[in-house]
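Here's the structure, in C-alpha cells; my notes come after.
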Amino acid sequence: MAKVGALDAISAYHGVSDKNLTLGSGTSELLYLALKCLKPVRTLVVFPSPPLYAKACRESGSDVVPCFLNKENDFDLDFETFKKSAQVGVDMVILANPNNPTSRIIPKNLLLKILDYCQEKGIYVVIDEAYADFVSVDISAVKYISKYANVIILRTLSNYFALKGLRFSYAISCESLTELLHKNQFPGTVGYLPLIAFETLFRDFKYIKKTKAWLLSEPKRFYYMVSTLGGVNAYKPFANFIFIELEQIPSAIFCERMANKGISVCNCNSFGGLDGQYIRISIKDRKSNEKFLEKFSSCLL
C-alpha cells in the first residue's frame, strides 16, 4: 500500500500516470537500470558532470563520448557543439538539467531542439533532474514524455527535502519504456520508510511554497555577495548552488583551508573537463550564508 500511495502522490505532483513511473533507491540505481535496458554502445556525456555518469556507462559496457562545455560560453550547452559530438555513432545521451556542478540550465527551446534531433536519429536521452525543483521556473521535461518515446527523466526530492539518508528516486518515461524498466528491475529496491516519508512530503505544500519563495530571493542575494569578492569568478546559478572559478588558488588547497575551518566545499576536479581551479558551494539560509562568507573570504587570501 505504501508503494501505491507514493505512486499516487508522485502522479499528482507531476500530472502523469503511474504507468509512467519507476521507483528506485537512488539516481544511480535508475541510471544503471536504464543502461541495462537500453544497452547503448556509445553514450554522449556532457562534461563537467558527476563522475557517476561516465562510471556507469563504462561499467555497463558503453563507450563514453565526451561533449565539453567551455568557460567562454559560461559553461552553457549549445546545439552545434552537442550535434557535433552526437554525430559519431551515439545511441544514448545523458544530460543534467540543471547541470551539476555548473548550476546552469538548458533553455526550453534548446532542450526541444535536442529532443527532436535525438528522436529523429533514434538516440535515447536520459535527463537527470535531481536539482530541477530548486530552479525558480519550470524547466522539467516531464511534460514532453507523451511526445518523445526515447526519453527517461530521473528525479528525486531527497535533496529538496534535505533527506539524503532516505534513498529514494523515480524515473518518468513513456509507458513502453516504463514497462521495459519494470521488467529489468530487481524487486524490492525501495524501502518501506522512504515510501511512507515521500508520500507525505509530496503533499507538504506549505514547505514547497516556502522553499519556492526562498528561491526567488536568497540565491540572487548570495550570488551577488559572492561575485563581488576578489579572486573569484562566480557563474550565475539557477539551482541551489554556485559554480566558482578560483583565480589565484588551486581548488584543492582552498578546500583544505575551508575544511580546517569546519566547512565542506565541493572540489570539482573529479567532474571532468575542468582544470584544478573550480569549486561548488551550496546556497543556504541567509544567516548560514553570512557566516559562510566570512570564512570563505578569509580563505581566499
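Report whether or not N70 is in contact (Cβ under 8 Å) with a residue 12 or more places away in the chain and among the polar types (S, T, N, Q).
Working: in contact (Cβ under 8 Å) with a residue 12 or more places away in the chain: no; among the polar types (S, T, N, Q): yes.
For N70, the condition - in contact (Cβ under 8 Å) with a residue 12 or more places away in the chain and among the polar types (S, T, N, Q) - is not met.
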Single condition A2 does not satisfy, out of (1) modelled with pLDDT under 95; (2) surrounded by 16 or more Cβ atoms within 10 Å (Cβ to Cβ); (3) within 20 Å of D133 (Cβ to Cβ)
(3)
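For every residue, the table says whether it meets (1) under 20 Å from Y131 (Cα atoms); (2) surrounded by 13 or more Cβ atoms within 10 Å (Cβ to Cβ).
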{"residue": "S227", "(1), (2)": "no, yes"}
{"residue": "G230", "(1), (2)": "no, no"}
{"residue": "E247", "(1), (2)": "no, no"}
{"residue": "C266", "(1), (2)": "yes, yes"}
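So in segment 102-152, with the set limited to residues that are β-branched (V, I, T), closer than 24 Å to I208 by Cβ and touching a helix residue (DSSP H, G or I) at 6+ places or on another chain (Cβ under 9 Å), which one is modelled with the lowest pLDDT? Give the derivation first.
Pass one, segment 102-152, residues β-branched (V, I, T): 102, 105-106, 114, 123, 125-127, 135, 137, 139, 142, 145, 151-152.
Cutting the leftovers down to closer than 24 Å to I208 by Cβ gives us 105-106, 127, 135, 137, 139, 142, 145.
Filter again for touching a helix residue (DSSP H, G or I) at 6+ places or on another chain (Cβ under 9 Å), leaving 105-106, 127, 135, 139, 142, 145.
Details: I105: 97, I106: 97, I127: 98, V135: 92, I139: 96, V142: 97, I145: 95.
Once the filter is applied, the top-ranked residue is V135.
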Meets criteria (crowded, with 20+ Cβ neighbours inside 10 Å, at negative phi and part of a helix (DSSP H, G or I)) for F222:
yes
Only one of Y148, Y117, Y124, Y131 is among the aromatic types (F, W, Y), assigned by TED's automatic domain parsing to the domain that holds A34 and closer than 30 Å to Y207 by Cα. Can you tell me which?
Y131
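Just checking: which of the strands (runs of 3 or more DSSP E) contained wholly in segment 51-158 hold 3 or more residues that are surrounded by fewer than 22 Cβ atoms within 10 Å (Cβ to Cβ)? Steps first, answer last, please.
Details: elements: 63-68, 92-96, 124-128, 151-155.
Correct list: 63-68.
The values are calculated or read from the model by the stated rules, or taken from the named source; none is laboratory data. Every value quoted in this text rests on a predicted model; they were computed, and no experiment measured them. A quick note on method: Cβ atoms are made from the backbone with ideal geometry, for glycine too, and the neighbour counts reach across all protein chains shown.
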